[in-house]
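The values are calculated or read from the model by the stated rules, or taken from the named source; none is laboratory data. All values reported here derive from a predicted model rather than from experimental measurement. When we count neighbours, we look across all protein chains shown, and the Cβ atoms used for this are built from the backbone with ideal geometry, even at glycine. Protein only, heavy atoms only, side chains kept; ligands, DNA and RNA dropped before computing areas. Shrake-Rupley method; radii C 1.70, N 1.55, O 1.52, S 1.80 Å.
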Amino acid sequence: MTALDVATGYVAKGWNPVPLPFKQKRPVDVGWQHRRIATRADVERYFDGKQMNIGVVLGPSSHGLTDVDLDCDEAIVIAPAVLPPTKAIFGRASARASHRLYYHPTLATTVDKATLQLKDPTTDGMLLEVRVGGGDKGAQTVFPGSVHESGEPITWEESGEPALVDDDLVHRAKVTAALCLLARYWPKKQPGGHGSRHDAALTVGGFLARCGFKLALVKHYTEFVARAANDEEPHDRIRAAADSVVAYQKGDKTRGYPALKDLFGDKIADRVADWLGYQGARDDGPSGIEASPSEPVVAMPYAWKAAESLASRQWLYGRRLVRKYVTGTVAPGGIGKSSLEIAEIMAMVSGKPLLGIMPPRPLRVWLWNLEDTREETERHIQATAKFYGLTPDDIGDRLYVNCARETPLVIATTTRDKAVIVRPVVDSLIAEIIKNKIDVVVIDPFVSCHQVTENDNNAMDMIAKEWGRVAERGNCAVELVHHARKGEAEITVDSSRGGSALADALRNVRVVNRMSEVDGEKAGVANHRLYFRTYSDKATLVPPADNSDWFKLESVDLCNGPPGESDLVGVVRVWKWPDAMAGMTAADFDKVAVVIRAGKWRESSQAEAWVGYAVAKALGLNADNKKDRSRILGMLKVWFGAGSLIKVEGLDEARRPRMFIEVKES
């Protein structure tokens, strides 16, 4: 591929290429940083058939393209553990994956520098630099399609889109550089033992904890420091660092900055502390052991705002899913909850009211099916699309599906003594949500996204709040689909499996119940197991059957096999509870009124003269038939509510006070 072809491809991405001499990295023409090559004609003007290198101008002229240039072996090993994941990575044979690309639209304007250079304070050698392209000088990087001065071709490791990142990128780059210094000056292995390296891990663990890093992240970082240092006992280092973190969290004395300085020297300790944002004292302490400080508590004054100036809630699906919040669905197994979720997802993605709710616009949805295979998930998605007549254009590029058997999702796990968040997984998840502009994330089932004890309320509260952080940072709605305990006739919010802290922490909890046999008889359906109802139960108030949202499972033939052998898949559609007043007219009430006026009818349905028998007589119904009786009760409810019928106290045949029903006369 010629330089002309490569440069044309970069322009198509919105990047601003710059011509470079072959095997060189510096432009020779003046004003390259202010020039914009944006069209085919521009490319042809500056690139020809000659052998040349190709750079890309970083910063605003390339949509905020930022290059994290890893200049040392330690950085290449450690960066994937710290920097945000990205699909655009390149390098050369002797320095593979040494460049990681990101989009940060405002970094160049806020930093106002061409590059942020992070150097070894002892040798002044470059560890890594964040090439942002700010300031007057600008910055460019030699890109794939070029040849390094050593003769090695510069090639892509991953040639996808750079990740969209926030201001956290600079902080992560500094953390990477700090860990590089720790790895570079990691103690040498001692003959016959590993004492000094073990001590180093204890020190690093304690110091990272003092810098605000949680247990899972300290273990993760320590592992990569050990790898970069070619330490042969990484598991011991991880355990030692974790022990220090646990001790710090308990308030015990642990190693801190003095120990770090004793072990790595003043220059390295100071630079590491600066890059990690260490806020503690740097005075010497006895044997490098410090007491764990308590966190300061600061009262935040309230700032008055006009009510009309407050941002409105961003509802995404009905009044259940809202941006930046977590909601839940609790249901027993085998009822159709996953089919319901997929029908709602297809409604959101298509922007169509498949189940009666109109999304504000076609939404971008990410489904994590942590229970079924991809094939089974695809069957349900395509069956739903077939039932509702959806086409590929209705879905577009807005639906994302991950399945656990391919890519597990575990955001929390358990150490020897407590539950912890797996921070790299959460950070990667948030980065993907931001990159793909996801509106709604569905986790089905919740139990498969963690490895902690469900009855541990502290752990459940921590995980729920972490999902809240995902919703907040990702600017999306998150729904957790949770199993109910087995054996409960009526599912409520209190039926959710495990500790109550999960449901308590959610903004809204919807419960799903299968239609009971009794309700099936009242509704007059043939197979009550095909019907289920939902309602919001955060307040644990159970509405009557006819006030719930009802759904029915319809069988859809995928036609993916011979007749009689293809797959049948259940798809959810809206179903309405029979209306007791359907087909009723004012004349029908007049018939009922005539019968009631002619007798003395009781309120109690246990009485022989129950008013329901008057209704049945007037309308030709059977009050002893369950279906008719249910309809009669519905009519009476409406007439009482409208004031057409009234309750009056009177005496029965034995002169005992009873409640009777009369027609209200106008």
Give me the percent relative contact order of the chain, please, defined on Cα pairs under 8 angstrom at least 6 residues apart. 9
The answer for segment 396-554, accessible area per residue at 1.4 Å probe in Å², is 43
As I understand it, the value is the acute angle between the Cα axis of helix 73-82 and the longest principal axis of the Cα atoms of the chain; what does it come to in degrees, rounded to 10? 10
Between Arg573 and Ser196, what is the label-point separation in nm under the 7 Å Cα-to-beta-carbon projection? 7.7
In degrees, nearest 10, the alpha-carbon axis of helix 195-210 is tilted away from the dominant principal axis of the alpha carbons of the chain by 50
Heavy-atom accessible area per residue of segment 217-272, all protein chains kept, 1.4 Å probe, expressed in Å², is 44
Would you kindly derive the ³J(HN,Hα) couplings of segment 577-585 from the backbone phi angles with the Karplus curve 6.51 cos²θ - 1.76 cosθ + 1.60 (θ = phi - 60°), listing them in order in whole Hz, with x for Gly and Pro? 5, x, 7, 4, 9, 4, x, 7, 10
Using a 10 Å cut-off on Cβ atoms, rank the peptides 55-62, 169-176, 135-142 from the highest mean neighbour count down. 55-62, 169-176, 135-142
Nothing charged except the Cβ atoms of Lys and Arg (+1) and of Asp and Glu (-1): what's the magnitude of the dipole of segment 488-603 about its Cα centre? Round to the nearest 20 debye. 400
What percent does the relative contact order of segment 1-131 come to when contacts are Cα pairs within less than 8 Å and at least six residues apart? 23
First compute the accessible area of the chain with a 1.4 Å probe, then give the percent of it belonging to carbon and sulfur atoms. 50
Measuring with a 1.4 Å probe in the full set of protein chains, what accessible area per residue, in whole Å², belongs to segment 50-177? 38
What is the sum of charges around Asn625, taking Lys and Arg as +1, Asp and Glu as -1, for the other residues whose C-beta is under 11 Å from the C-beta of Asn625? +2
Which one, [x] 38; [y] 6; [z] 31, gives percent of Cα pairs over 51 Å apart as derived from the coordinates shown? [z]
Distant-in-sequence amide H partners of Tyr535 (H built 1.01 Å from N, under 5 Å): Val511
Per residue of segment 590-600, in order, report the coupling 6.51 cos²θ - 1.76 cosθ + 1.60 (Karplus, θ = phi - 60°) as ³J(HN,Hα) in whole Hz, putting x for Gly and Pro. 4, 4, 5, 4, 4, 5, 5, 5, 7, x, 10
Could you sort 80-90, 328-338 so that the peptide with the highest average Cβ count within 10 Å comes first and the rest follow in order? 328-338, 80-90
Restricting the count to DSSP beta bridges whose residues both fall in the chain, what percent are antiparallel, rounded to a multiple of 5? 70
Tell me which residues come under 5 Å, amide H to amide H, from Gln140 once H is placed; ignore anything under 5 positions away on its chain. Leu58
Positive dipole terminus of segment 561-656, leading residue within Ile596, Val638, Pro563 (C-beta point charges): Ile596
Can you list the HN-Hα couplings for segment 378-386, worked out from phi with the Karplus curve (6.51, -1.76, 1.60; θ = phi - 60°), rounded to whole Hz and with x for Gly and Pro? 5, 4, 5, 5, 6, 5, 5, 4, 5
Please state the relative contact order of segment 295-364 as a whole percent: Cα pairs under 8 Å, 6+ residues apart? 22
Note the angle between two axes, namely the Cα long axis of helix 3-12 and the longest principal axis of the Cα atoms of the chain, as a number of degrees from 0 to 90, rounded to the nearest 10. 40
Cβ-based charge dipole, segment 102-173, positive-most Cα from Leu128, Leu169, Gln117: Gln117
Of the listed peptides 449-455, 511-517, 63-69, 464-470, what is their order by residue-averaged count of other C-beta atoms within 10 Å, with the highest listed first? 63-69, 511-517, 464-470, 449-455
